Amino acid sequence: KVSHKSKNRPPLHQLHRRDRNGNLTSKARHNMASDVTAEAAGQDEQDRSISRDGTDPLSLEARFDEQGRPQVPELYTSSPPIRDHLTTDTSISQDDVVKQCLPRLIKCSRSLVGVNSYGIPSLKREDHIKFLQEAIEYPRYIAFDPVRPWVIYWSLTALSLLGENVELYQQRVVETLSPCQNFGGGFGGGNGQLSHVATSYAVVLSLAMAGGGKNMDMLNRRALWRWLGELKQTDGGFRVCVGGEEDVRGAYCSMVIISLLALPLELPPNAPARAHGFTSFLDGLPEYLSRCQTYEGGVSAVPQSEAHGAYAFCVLACLCILGPPNEMISKYLDLPLLLSWLSSRQSAPEGGFNGRTNKLVDGCYSHWVGGCWPLIQAALSESPENPNAAKSTVGSLYSKEGLTRFVLSCCQADGGGMRDKPNTFPDAYHTCYTLAGLSSTQHDSGYSGMRHGEAGYPLDSAFAWESSKEDSDGPKNEALELIDAGDTLTSLHPIYVIPWGVVERCRELFSKKTGF
Ligand code: FPP
Ligand code: K
Ligand code: ZN
């Protein structure tokens, strides 16, 4: 039982000190943030017991008042019950985010219009579709020139999540992306630009999504294979471009391309890593990924750096391309430490995830961090290949409700599109990844295991995942309970982050291909 009383707090007028210019001092700004949010919640002087009668106040059954109306748990509508009173730039900006998010969460929870009976706003589907159609049609910024394939990938993925048919874009996607392909293999971010593994990843996924199976002929698979061979490093990892930096994006993007196109795993003859005795793209790779786990338990871009959610996703997804999750993740990562770090990414009352310790929630981490959870949950589930093991699935290990509230209350921009957080502008990147995260609250996916005798390609396990059926027995999906039926999104493959059918289509196209 946690009880929180703020009786030791000095009166407001003492807290809100101003400097000579009449501006609030940073200490005052800091105090005000907590007061304003607490007062807005009407909680300041109340006893905030989170379990008065022993029932779990966050469970859906404990939600209804005497009139049978659902109640919003205080976790999402009140200031954090425990806070560090040391004022720093970090605590000031954190208070500021709470100050932006909390009134929205409270307003939604009390509003009677535009929200459902759980106090959750509806998805502005048509506005988001319109926003994305414009984003793909008229990229607005010169800064987008080196990320053309990304803008296409984000828009097509988000449109797919919203239920749109993206095959309409087939011809134009090919026309835009063809000039990005280089004779030396791979794709640059724009015409005449150096090949990069991240833009090549976005190209391959975009062609697969928009093509209906037709676009893949334009890929020079042999050149791609040779070029990836140049990126493979003698410590097991991959550079992101020739002469460029090596980090876990290089590893994840390369392995997505290799596995989805079923490229030979053997290193091409020109690969510099051959001089080190390596013969395969897989040599030293899981060991390299393992070295990127930090003392916090999270994963960094390169060994000995700061853990970040975006890199954690790259590493977990890459390990899940290399083998079954329950084998790979616990073999190469300290799973309890990773769980502790990953759990700390979700913030209350905001409900969203941050990317790293002491930083702010951001809608895009709904995917980068949120997308780690299905992979971890699969790693913790019993191996489906062991017939003696009861198929146990762990339930959700994060608050799907918190994430749902954050995305729908704080990340939907007024004119359509999704954003990082309130008071930021929407863009295709945030629209893609907030929706991907929201979708993963609604659809549980898991590792289904390979059928025996089927294994042929060594990376088969990457394709042995499935989206669990809604009628399956197992715990009810709390996120689906909370939103209106019309507000559900389609489901994405947890490793490739494109629709399931698109992954299957690639698999059919390439798995039986011998040679190039
Ligand atoms: C910090 O930015 C962000 C990073 C260190 C990594 C960002 C990388 C990705 C989002 C994607 C990588 C994956 C692929 C597949 C290319 P920040 O300091 O602005 O944000 P923060 O305060 O939230 O950490
Ligand atoms: K950020
Ligand atoms: Zn972001």
Exercise. Could you count how many residues in segment 426-443 are more than 15 Å from ligand 1 (Cβ to nearest atom) and either of a type in the set (Ser, Thr, Tyr) or assigned to a loop (DSSP other than H, G, I, E, B) (or both)?
Worked result: 5
For this session: Return the total of residues in segment 91-118 being part of a helix (DSSP H, G or I) and either loosely packed, with under 14 Cβ neighbours inside 10 Å or modelled with pLDDT of 90 or more (or both).
Result: 19
Exercise. Wholly within segment 266-338, which helices (runs of 4 or more DSSP H) include no fewer than the required count, namely at least 2 residues that are within 12 Å of ligand 1 (Cβ to nearest atom) and buried (at least 21 other Cβ atoms within 10 Å of the Cβ)?
Worked result: 309-322
Problem set entry | Test set (1) away from ligand 2 (no atom under 16 Å from the Cβ); (2) within 17 Å of the chain's Cα centre (by Cα); (3) modelled with pLDDT of 95 or more - ASP414 fails condition number | (2)
Exercise. Quick one: what pairs do we get from segment 410-435, first residue within 14 Å of LEU489 (Cβ to Cβ), second more than 11 Å from ligand 2 (Cβ to nearest atom) and among the small types (Gly, Ala, Ser), C-beta under 6 Å, 6+ apart or different chains?
Worked result: THR431/ALA158; THR431/GLY417; CYS432/ALA158; THR434/SER366; LEU435/ALA158
For this session: Just need a number here: residues in segment 339-369 that are more than 11 Å from ligand 1 (Cβ to nearest atom) and either in contact with a Cys (Cβ under 6 Å, 6 or more places away or on another chain) or under 9 Å from GLY309 (Cβ atoms) (or both).
Result: 2
Problem set entry | Unique residue being surrounded by 17 or more Cβ atoms within 10 Å (Cβ to Cβ) and within 16 Å of ligand 3 (Cβ to nearest atom) when the list is ARG345, ARG239 | ARG345
Exercise. Regarding GLY446, is this residue at pLDDT below 95, at positive phi and more than 16 Å from ligand 1 (Cβ to nearest atom)?
Worked result: no
For this session: Look at ALA462 and say whether it is over 21 Å from TRP341 (Cα atoms), among the small types (Gly, Ala, Ser), modelled with pLDDT of 95 or more and away from ligand 3 (no atom under 16 Å from the Cβ).
Result: yes
Exercise. Are any residues in segment 183-197 more than 21 Å from LYS513 (Cα to Cα) and crowded, with 19+ Cβ neighbours inside 10 Å, and if so, which ones?
Worked result: PHE187, GLY188, GLY189, SER195, HIS196, VAL197
Exercise. LEU375: of a type in the set (A, V, I, L, M, F, W, C), at pLDDT below 95 and in contact with a helix residue (DSSP H, G or I) (Cβ under 7 Å, 6 or more places away or on another chain), yes or no?
Worked result: no
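The values are calculated or read from the model by the stated rules, or taken from the named source; none is laboratory data. Model, not experiment: these values are computed from the prediction. As a convention, Cβ positions derive from the backbone with ideal geometry for all residues, glycine included, and neighbour counts pool all protein chains shown.
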